[in-house]
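The values are calculated or read from the model by the stated rules, or taken from the named source; none is laboratory data. Since the structure is predicted, the reported quantities are computational estimates derived from the model, not experimental observations. Methodologically, a virtual Cβ is constructed for each residue, glycine included, from the backbone with ideal geometry; neighbour enumeration extends over all protein chains shown. Note: accessible area is taken over every heavy atom of the protein model, side chains too, but ligands, DNA and RNA are not part of it. Shrake-Rupley method; radii C 1.70, N 1.55, O 1.52, S 1.80 Å.
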Amino acid sequence: MRTMKLRTAAATGLLVALSGGLAACGDSGSDGGGVDVQAEEVEEGKFEEGSRMAELAEAGEITVGVKYDQPGLGFKSATDDIPTGFDVEIAKLLIADLGINPSDTDAVTWEETISDNREPYLEAGRVDLVLASYSITEDRRQVVGQTGPYFITGQQILVASDSDVESIDDLVGETVCSVTGSTSLKNAEEAGAVGAPADTYSQCAEDVLNGTVEAMTTDGSILLGLAAQNEGELKVVGDEFSEERIGVGYSQDHPEMCEWINGVLEDAYEDGSWAEAFEATLGGDDVETPEPPALDECPSA
């Protein structure tokens, strides 16, 4: 069984209000490995024979694509064996349900997955799952499977601490960084900014610090973590100007994974595992734990 204390989500809204959580996000991914999640016992017949879940459970190995540069969501330093963050915690619940120990680095490969290669990695079978601040979109669902969401956030702006920018409206015609292949870059361009694509969010933050770009933009939760890492030098400004529905990616070759993923998420919502994962990574004294978002229905067979 999972070794987690049961907690109840407390907030009423679906959008995550994280504006008071700089310290919590800054601590995430820097010391500890999150919640201790133990492998479940896989009883005979739990997974249909021939399903991808049965194959993974029998092999006792899985590869999961996550971010390495997003404190609070997916972060891995050079000295870490296992990445940390909310995306990683949700991945651990899925891994454990397959009877695989999430802490076993011989059984679990945590593959760094940047925004631009999430679909290619799933299509090529390089990863079995993607949990990498992966916004659910209809365009992506034409290429890969996506289900969830297990987290809802919104896009904001990160600027230098001495910047006069207060919102996306102040960045019309200005250069704004986000990662290649992200919905955030598209949203910024649609708002009138000049998009400056980068491979990683950490590179965008560095470009803001050195003045190469006026600002960067992505989910507010990611920006808060970056601001906390650069306290006194960077700040998050403006209201959320998009809704990002973060979900799990899987290959369209294995549509049966959708119902399994949703089932694990539903269990985590009900037994408090989801809330504890949030509190261990994005939560803190000044951050309310939100209600888990409603899950999308899986496509009909």
Among (1) at pLDDT below 50; (2) crowded, with 24+ Cβ neighbours inside 10 Å; (3) not in a loop (DSSP other than H, G, I, E, B), LEU18 falls short only on (3)
Checked GLU55, GLU41 against criteria (in a loop (DSSP other than H, G, I, E, B) and among the acidic types (Asp, Glu)); the one match is GLU41
Quick one: count up the residues across region 72-101 that are free of Cβ contacts under 8 Å to residues at least 60 places away in the same chain, over 14 Å from ALA280 (Cα atoms) and either charged (D, E, K, R) or in contact with a Lys or Arg (Cβ under 8 Å, 6 or more places away or on another chain) (or both).
4
Listed residues VAL248, VAL264; which is farther than 18 Å from ASP219 by Cα, β-branched (Val, Ile, Thr) and in contact (Cβ under 8 Å) with a residue 40 or more places away in the chain?
VAL264
Region 141-170: number of residues that are basic (Lys, Arg) and buried (at least 20 other Cβ atoms within 10 Å of the Cβ)
0
Let me spell it out: the conditions are (1) of a type outside the set (Phe, Trp, Tyr); (2) touching a Phe, Trp or Tyr at 6+ places or on another chain (Cβ under 9 Å); (3) surrounded by fewer than 20 Cβ atoms within 10 Å (Cβ to Cβ); (4) closer than 23 Å to THR113 by Cα, and LEU223 meets all of them except one. Which number is the exception?
(3)
In region 118-125, is there at least one residue being open to solvent by less than 40 Å² (accessible area, probe 1.4 Å), under 30 Å from GLN38 (Cβ atoms) and of a type in the set (Asp, Glu)?
no
If a residue must be open to solvent by less than 50 Å² (accessible area, probe 1.4 Å) and more than 18 Å from the chain's Cα centre (by Cα), how many such residues does region 176-197 contain?
9
Scan of region 243-294 for residues that are buried (at least 18 other Cβ atoms within 10 Å of the Cβ), outside any helix (DSSP H, G or I), more than 14 Å from the chain's Cα centre (by Cα) and of a type in the set (A, V, I, L, M), ordered by number:
VAL287
Suppose the filter is open to solvent by less than 70 Å² (accessible area, probe 1.4 Å) and more than 17 Å from ILE95 (Cβ to Cβ); does GLY238 pass it?
yes
Checked pairs for region 214-236, first assigned to a loop (DSSP other than H, G, I, E, B), second among the small types (Gly, Ala, Ser) and surrounded by fewer than 24 Cβ atoms within 10 Å (Cβ to Cβ), C-beta under 6 Å and 6 or more apart or across chains, list as GLU233/SER161
